[in-house]
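Undergrad: Please see the structure below; I have some questions.
The values are calculated or read from the model by the stated rules, or taken from the named source; none is laboratory data. Just so it is clear, the structure is predicted and the values come from calculations on it, not from any experiment. We place every Cβ from the backbone using ideal geometry, glycine too, and count neighbours over all the protein chains shown.
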Amino acid sequence: MKKIIIYTISCILILSSCSDFLDVKPTNQADSKSSVANAADAQVIMNGLMRKMTSSSYYGRNMFLYADAKGGDLCIGGRGRGYDQLYIFDHSASSSSYSGFWSQIYHCLTQINNLIINIDLLTEAGNGSAALNHFKAQALTARAICYYDLVRLYGKPYDMDKASYGIPLVKTVLDASAQPTRASVEEIYTQIVSDLTDAVPLFDVSKKDNGYINYYANVAMQARVYLQMQNYNAALTAAEEIITSNKYTLYTNANWLASWSKQFQTESIFELAMYSNEGDLSVSSLGSMTINSSHAESNWDYFITSDGFLNLLGEDADDIRWGVMDKDEKSETTAHPAVRLGCCYKYLGGITCSGDGKQTTTAVNIKVIRLSEIYLIAAEAALLKSTADKTKAAAYLQEIRQRSPNLTPANDTNVTLEMIQNERSKELICEGQRFFDMMRWNKSITFDDIWAQSPVTSRPATIDRTFNKAILPIGQYEINANPAIRDQQNPGY
């Protein structure tokens, strides 16, 4: 077993791993110029990066829970179960700061920056190759994803205050004494767009790369980012490039449910692989957080869906998406005498908890970007661009809305932004979108505190993006290690 020394933004993390793909040469500043000698070395680092992105502090669990619990589509079934803060916003710099986001994502960025630097050095020395270019494209796209997630967690929405603090922008491998300060929200988005566009010509477009970032994952991220920036023409162009490429196809109503029990299906544009013998979080997995406590894989009904979400899905009893929902702990009780299908089983392969074909049922792949989202982006962008195209908006929306077969079809006379917003909630539940959507739409969020079983005093019952805890505090450990950002803490912390 080798030790891996990896620089984070302000400190050195010493990690050990028995996984071959993490058994890489130390990536500190002294040797970063020699840690990648060829495409095989780049593949090793990329393997490790994809694994790190499945950490419980990132896409493996917390990123998705964060967005759905804070966005009002999930609520807690009771206090004191371990992840309350994601719902009650009880954050401070020194406690419940969820600083794992900061440390884990900057940890990913260290490896990304090291890989990009090394590939550039090889290219400058005349040892470049198409394979290395593809890895650089993946790394640039991964860097854009990491910064996009960080700036939404720690910075204000793009259209709220572009000049406000975002996060430190780091594109080199830092030494332990470095004290980078926070760039503005606008500067971070500028870098995100730059990385995404710089990556495009470097991709081998023919590679589908299951479990990795490919060309279309890059274009999908462009669609997400441009939508966030309210550049609706660019968002629509990116979304339509994917749709018209025919590289991916939407699930039919007949196969939508089964898609959750299988890996790398026709809608998966970027899907992170989870393995039973490497990153399986077992009863602490994403799937275990949203299912009924009667299952062995459960973690005691941590999160259930809100009444608001259930009312929305309940507009059509035949909506195919009821297929991943099952009874929660409030069902058929004094508080809720009727059957309440508030448990979501997307990330256990469905209500039978069959997983997605691996040795353990909790090691279910994480679907980061699906084609369904791209259609909804296209619908929203077509409706909101300077000259609205309601025909396109309705057509793209209806491709997803038809999963509710009894609802009136969307058309160019009835399509509204609210219809698109509601469809995003129904389609993307437990996929880490809702809170960030509500913030970019500048909408209020009202929480189902009745199910918390004790008063919530750390936030109002209804919040909007002006609530200071709508963004996270920088953890006190980071401020202590990097005094340069002491005066750049987010307001109210």
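Undergrad: Consider segment 193-247. How many of its residues are assigned to a helix (DSSP H, G or I), more than 24 Å from Leu383 (Cβ to Cβ) and in contact with a helix residue (DSSP H, G or I) (Cβ under 7 Å, 6 or more places away or on another chain)?
TA: 7
Undergrad: What are the residues in segment 229-269 that are closer than 26 Å to Asn365 by Cα, in contact with a Lys or Arg (Cβ under 8 Å, 6 or more places away or on another chain) and of a type outside the set (A, V, I, L, M), if any?
TA: The answer is Lys247, Asn253, Trp256, Trp260, Glu267, Ser268.
Undergrad: While we're looking at this one, here's another question. Please work out which residue is surrounded by the fewest Cβ atoms within 10 Å (Cβ to Cβ), limiting yourself to segment 307-342 and to residues that are farther than 18 Å from Asn406 by Cβ and of a type in the set (D, E, K, R).
TA: The selected residue is Glu332.
Undergrad: Looking only at segment 343-394, which residues are buried (at least 24 other Cβ atoms within 10 Å of the Cβ), polar (S, T, N, Q) and either touching a Leu at 6+ places or on another chain (Cβ under 6 Å) or farther than 26 Å from Ile145 by Cα (or both)?
TA: Thr361
Undergrad: Only one of (1) touching a Ser or Thr at 6+ places or on another chain (Cβ under 9 Å); (2) free of Cβ contacts under 8 Å to residues at least 60 places away in the same chain; (3) under 20 Å from Ala220 (Cβ atoms) is not met by Gln104, so which one is it?
TA: Just one mismatch for Gln104, condition (3).
Undergrad: While we're here: Taking Asn490 as the residue in question, decide whether it is at pLDDT 95 or above, part of a helix (DSSP H, G or I) and either touching a helix residue (DSSP H, G or I) at 6+ places or on another chain (Cβ under 8 Å) or farther than 30 Å from Ala176 by Cα (or both).
TA: Taking the combined requirement at face value, the residue does not satisfy it.
Undergrad: Could you pull out the residue among Ser35, Ser55, Ser19 that is at pLDDT 75 or above and under 30 Å from Ala130 (Cβ atoms)? Break it down stepwise before answering.
TA: Values: Ser55 fails: under 30 Å from Ala130 (Cβ atoms); Ser19 fails: at pLDDT 75 or above.
When all the criteria are applied, what remains is Ser35.
Undergrad: A further question on this structure: Can you say whether Asp464 is closer than 30 Å to Lys367 by Cα, of a type outside the set (S, T, N, Q), in contact with a strand residue (DSSP E or B) (Cβ under 9 Å, 6 or more places away or on another chain) and surrounded by fewer than 14 Cβ atoms within 10 Å (Cβ to Cβ), as far as the supplied structure shows?
TA: It is true that Asp464 is closer than 30 Å to Lys367 by Cα, of a type outside the set (S, T, N, Q), in contact with a strand residue (DSSP E or B) (Cβ under 9 Å, 6 or more places away or on another chain) and surrounded by fewer than 14 Cβ atoms within 10 Å (Cβ to Cβ).
Undergrad: Given the criterion part of a loop (DSSP other than H, G, I, E, B) and at pLDDT 95 or above, identify the matching residue among Ser372, Ser386. Write out each step before concluding.
TA: Numbers: Ser372 fails: part of a loop (DSSP other than H, G, I, E, B).
Every option except Ser386 fails the conditions.
Undergrad: Quick one: which residue in Leu121, Leu132 is over 16 Å from the mean Cα position of the chain (by Cα) and buried (at least 22 other Cβ atoms within 10 Å of the Cβ)?
TA: So the residue among Leu121, Leu132 that is over 16 Å from the mean Cα position of the chain (by Cα) and buried (at least 22 other Cβ atoms within 10 Å of the Cβ) is Leu132.
Undergrad: Return the residue satisfying two criteria in turn: it lies in segment 469-488 and is in contact with a Ser or Thr (Cβ under 7 Å, 6 or more places away or on another chain) and of a type in the set (S, T, N, Q), and of such residues it is surrounded by the fewest Cβ atoms within 10 Å (Cβ to Cβ).
TA: The extreme case among them is Gln488.
Undergrad: Does Gln179 count as more than 21 Å from the chain's Cα centre (by Cα) and surrounded by fewer than 21 Cβ atoms within 10 Å (Cβ to Cβ)?
TA: Working: more than 21 Å from the chain's Cα centre (by Cα): yes; surrounded by fewer than 21 Cβ atoms within 10 Å (Cβ to Cβ): yes.
Spelling it out, Gln179 is indeed more than 21 Å from the chain's Cα centre (by Cα) and surrounded by fewer than 21 Cβ atoms within 10 Å (Cβ to Cβ).
Undergrad: Check whether at least one residue in segment 94-106 is assigned to a helix (DSSP H, G or I), over 26 Å from Ala363 (Cα atoms) and polar (S, T, N, Q), and report yes or no.
TA: For segment 94-106, residues assigned to a helix (DSSP H, G or I), over 26 Å from Ala363 (Cα atoms) and polar (S, T, N, Q): absent.
Per-residue answers, yes or no, for (1) β-branched (Val, Ile, Thr); (2) crowded, with 20+ Cβ neighbours inside 10 Å; (3) at pLDDT 95 or above:
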{"position": "Leu407", "(1), (2), (3)": "no, no, yes"}
{"position": "Asn414", "(1), (2), (3)": "no, no, yes"}
{"position": "Met439", "(1), (2), (3)": "no, yes, yes"}
{"position": "Lys443", "(1), (2), (3)": "no, no, yes"}
{"position": "Ser454", "(1), (2), (3)": "no, no, no"}
